Structure formats: structure tokens, C-alpha cells
Amino acid sequence: MDNFRNQFFPLKTKEDWKAKAEESLKGKSIEALKSPTYENIILEPLYSQQDDQKAPDYPGGSDFRRGIDPLGYVTNDWKAAQRISYHSVDELKEKLHVGVEKGQTALSFEVSEELLESKETLNDVLGDLPSTFPFAVNGRDMQSALLAVLAESEESANQVSGYIGSDPLSLFAEEGLIDEDFFKGWIEDIRLASLKLPNLRSVLVNTSPYHQGGANAVQELGIAAATGTFYLQMLLEGGMKLEDILSKMVFQFSIGSNFFMEMAKLRAARILWNKITKVYGAKAEDRGMQISAETSMFTKTVYDPHVNILRAGNEAFAAVVGGVQYLHVTPFDGITGSSQQSERIARNTQNILKEEAHLRTVVDPAGGSWYVETLTTELAERAWKYFQQIEANGGMLEVLKSGWLQEEISSVHTQRKQDIFTRKQSIIGTNVYANLVENTVQVKEHVTEPTKINPNAISIKAIKNIRLSEPYEELRNKSKGIERKTGSKPQVGLICLGELKQYKPRLDFMRGFLAAGGLKAIDSDPVTSLETVKLFISSQETKFFCLCSSNDLYESLGLEMIKVLRKEFPDNIFYLAGLPEKDMQSQWTNEGIRQFIHINSNCFELLSTILSEMEVGLDEYTKA
């Protein structure tokens, strides 16, 4: 059969494919198609059998990249753990019941003081819910109280499963305070929970705060490994057995928008944990990593919020294919305060992946993919080095104290911001394809119960929860503020030189560019004479204008035109769409063009400048 196939479909080498690809690139090298990532990994345009990393053949063993169960979700389905926010315990009770009826398979909720007022309050909320449902709860600094209430009922204690965890290090990172005394009580809570709630996991390694601070996948993995090792060592020194500690651990990851990178991140996480626990002498059956995941808040936007449904679907898909045990899908309007509709859509995203996409019937569908396996291996190798770097700097506690880790994460976030500022990285509905008819949306202030950390704790640089789209949302809010004062959207006039085919490409570009800051483009009629453009400028209230046309027309008409316009309208500000040849740029700026707006322009900074000048002008007008 192989001979038959080879006769009619001759085998092609990777070099053959490269040569064919370069034909279609019209002389460009295939090297131009390589893509760098924030992890400093270069993604190849083509992966082949020659890139095969000789990955394990079967899930449930070896390095666990292919999952911790031989049959994957066929025997152990992932748990739909939609985390519930609420204003009262009655609302929590109602939402939990609705969730369970509609597909939720784990009990997940934020922990409040009201919920833990008494054993009766918690029992009333959980009373008639299925006792077989596992928990999926980040107890934060209220873990101790929640565990104590659950442990009071000896009859049901053995039925309590899932996880109610806490990660002191991530709390310290969020709060900007380190209280080493906190660990004493935490260790005792883990020991008691191990005795009284034997089927419940209570040690959480939560990397979400670092993800929310802008960390890349390598950093998240290195942090997970270092944090897990820190707790493992601490609990061993506290007298617990290795196998008991491992049976109590859960790792929490946020899943970002880079589909294959996020999938590979989860697979690489299991490789790292297997490697670490193997060094500690753990048996193979104890080395599997339990993973709880949530779709990222870092990638979500206030404006055009329904796009968040697509983002969350992509992220949830990556999480499931990556092999998680628990999953929370963020409601599309979670930033501004979720609604019944958004919570239902988030829950149904998981139902679709289970019931319509049939992902629970396929074991590790990404396994064997040359691209995925290569990416998984490279991520694991880089993350292992990053883990060693953290350890060389004293471990997780010390790198937080020194600020080394915060600076590392901040550096990556700065790079991410630069990419959205220049629109090298697109955020649909925000810095590209923005919808100007949207109303202003108020961001919900996320209030968490204050962490009970010793006021004498050591101050460190906090890792703040941020979203990538926030800078552009601030621009949109500025624009809305101007609109409220003037009664109309802030505007920029676009001067269309020549015929439609000459100005339309740059006209369309400028419309999209301006919309990212909430600025409305006002198009002139086709301009072929100086008088026409003077009339257009005189009829507009704005003082900001941009010339749009072809390079040829810029040289033959635009340059002379701008000389006259600059003299006749000295208070106006003129831009040029496009980037002239280097030897022409100084001539344009000398004649009155403030700046060239092109595909590599810093969109955020330019729009921010325009809006700030509009605000100043408005204030001066109001005072006058």
C-alpha cells in the first residue's frame, strides 16, 4: 500500500514544501512568515514529521502531556465550574440551583462573610444540591472559615470533594503585602482539612493574578512550578507525607487568546509537574496535575462586549483540548456586571463543547500534531529554565520580595501594550473595527473581601489586575466626555484628494484609525481644486484635518495645497495619511504637516494627543 501511495503521491520533503511556498511569495523568503511570540518562541510557517518530538503514544502516563487519564474525558469529564457572583446568599442559592439544572457540574462561587455567618447559612444554600457535586472554590483568605464550617458535619464530610483552595503567595502578589505568619495558620488548615475532609483538595497554586498582570506563558508555567515546589517543601517540613500533599493540590490557570499557545501551556504544565514530583520521589500515580482553568479577563473588552463571547469560546476550547479538570467561562459582560443572559451563554459555551462538539468523547485530540507537540516541548523547556531562574533567585517568596518577578512581568506587559498601541496586535471592536454608535459603559468595580493580612506585613510591589484594552477604553471615555459637553462626537476632517480610487484606501484606513479613539471621520467631497478644500475646511467646527490620497497625487497636488492651507488656516492642524519617501518627509513637515499616519503609527498616542488638545480647546472656549 505504501508503494502504491508513493507511486501516485510521491513523498515531499520539507524543503520541497518550502520551495513551493516561496514560489507563491513572489521572491520573498519563507523566513518572512516566521512569527515571534511574547515567549520568545519563533513559530515556523510549516511543521512536518521532521519536527516530531517523539511524544508519548498514549495519554495518562509518561510525562502526562497527553492528560492524566488514559481515557481522558470519556471516563472523567471536565467539570463545568461557573463561578457565581452574588449580592446576597439568597441570590447565590437561586443561581446555584439554576446552574445545576442547566449543566453546571461543580459548585463554584465567591466566598463572602455573609455566607459564613453560621453553619446554618451555608447548609441552607447547599442543602438540597447534589451531594456528589464537587466544589471548585478559591477560598482566598476565607478558606479556613469555609473549611471549618464544612468539617463540622461529620456525616457529610466524606462526601465533600473537589477543591476549596487558597494560594497565599498569589494573595500577597495581588495585595502588595507579604505576611509570612499567614503560612502558619494556612499549613494547619491544610493538615486539618486532610484529616476531616479526606476527599477534598485544599492547596491551590493560582497563576491567574500573574496572567492578569500581563505575564507570558513561560512565566506562568515557571511561576506555577516554583509556587507548587514552595508549598510542597513547606508542607513536607510541616510533617505531611508526599503522597498526601500531592493529593491535595490543584493548579489554576487563566487561558488567553493565543489558541495553540494556551493549549500547549496546559500540556507543558503537566510535563513540568511530573518532572518536579519525580525528583521528590513521587510514584507515577501521584504525579498527575489537577488543573482548574478560567477564560481570561485580560483579553476581555468593555466596548463591543458580544465579541467577548467569541473570545471566551476560543479560550474555553483551548482549555478543554489542553486537558483541564475544571473550567469557568467568563460571562461576556463580566467587566460591567454580568446578567442572566450572559451567565447562561457562558454556561452553554461549555454545554456546546460537551454535547455538540463532542469533546468529551475524544482523548487528547491535539496529540501527535507536529505543531502542538513541538510547541509543547519548547514551552516546557523554556519554562523549566525560568523555574530554575526563580529558584536561583531564592524561590517564589524572595522574587516577590525583591520585585524581580514584578519587573519581569511588567516588561512583557509593556511589550503587549506597545503592540496594541501600534495595532500590531488587534483587539476587535476596540483598536480595530470599533463601533462608534455604542453607548458609554460603566466598568463594574470588582470588590473583593479585604484580605486579612497582618498590618505589619512587608510591603512589596503589587501585581495589578489589568486588561489589555483599557488604554483604548480610556480614549473612548474621553471622547464620550467631549460629546457630552458639545452635543456631538469629536471629529476629524478627511480631505479626499482626487478620484475615489485614489483616496479610498487611505480614507478607509483613517476611518478605522480614528474610530479606535471614538473620533468621527467627516469626509470631504472629492477635492480637485484649492477652492473646494477651503470651502470644506471653513464649514467644519473641528480644527483637525487629514489629507487622504495616492502618493502620486500628494506630490502633484497635495504639497502645493498644504502650503496654502497652512497660511489660510494657521490655527488648524494637518496630518497626512501614509508615509512619504524619506527624502520627502522633511519637506511635508516644513510645509505644515504635523505627522504622518500610517500602518506603523502609534495609534494610541496619536489619538490621545488629539483628544487632549480637543479637551484643552473646549476648556478655553468655555472659559471665554
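Throughout, read-outs are computed from the coordinates displayed, never taken from laboratory work. Not measured: the values here are computed from a predicted model. Glycine gets a Cβ as well: all are built from the backbone with ideal geometry, and neighbour counts include every protein chain shown.
Miscellaneous remarks
- Listed peptides 397-406, 336-345 by packing density, highest first (mean Cβ within 10 Å): 397-406, 336-345
- Sequence-separation-based contact order of segment 72-398, relative, with Cα cut under 8 Å and 6+ spacing, percent: 20 percent
- Segment 472-623: Rg to Rh, with Rh as the Kirkwood radius over Cα pairs: 0.95
- Residue 340-residue 529 FRET efficiency (beta carbon distance; Förster radius 41 Å; 0.05 resolution): 0.10
- Ratio Rg/Rh, restricted to the chain and using Cα atoms, in which Rh is the Kirkwood radius: 1.04
- Spin-label pair residue 156/residue 98, simplified geometry with 7 Å Cα→Cβ offset, distance in nm: 2.3 nm
- Debye, to nearest 20: dipole size of the chain, +1 on Lys, Arg Cβ, -1 on Asp, Glu Cβ: 1260 debye
- Inter-centroid distance (Cα atoms) of segment 297-370 relative to segment 412-441, Å: 21 Å
- Here the simple spin-label model places points 7 Å from the Cα toward Cβ, and for residue 486 and residue 458 these points are separated by 5.3 nm.
- Taking a ≥ b ≥ c as the square roots of the eigenvalues of the alpha carbon gyration tensor, segment 72-398 is rounded, as a/c is under 1.5.
- Qualifying aspartates and glutamates (Cα of each under 20 Å from Cα of residue 18; at least 8 residues distant if same chain): 31, 44, 51, 52
- Sorting 211, 413 from the fewest to the most surrounding beta carbons within 10 angstrom yields 413, 211.
- Calculated FRET value between residue 615 and residue 416, using beta carbons and R₀ = 25 Å, to 0.05: 0.40
- Rounded FRET efficiency, nearest 0.05, which uses the C-beta distance separating residue 42 from residue 563 and R0 of 51 Å: 0.60
- Relative contact order for segment 472-623: 25 percent, from Cα pairs under 8 Å spaced at least 6 residues apart, divided by residue count.
- Segment 491-517 and segment 541-596 have Cα centres separated by 14 Å.
- Span-rule helices in the chain, defined as complete DSSP H runs reaching 27 Å or more along the axis (Cα) with Kyte mean at least 0.5: 217-237
- Prolate/oblate/rounded label for segment 63-220 (Cα gyration tensor, a/c 1.5): rounded
- Per-residue ellipticity at 222 nm, computed for the chain from helices alone with -39500 (n - 2.57) per DSSP H run of at least four residues, works out to -14500 deg cm²/dmol.
- The label-point distance for residue 392 and residue 12, in a model that sets each label 7 Å from Cα toward Cβ, rounds to 4.3 nm.
- Sorting 510, 396 by the number of Cβ atoms found within 10 Å of their own Cβ, with the fewest placed first, yields 510, 396.
- Order of 506, 566 under a 10 Å beta carbon neighbour criterion, fewest first: 566, 506
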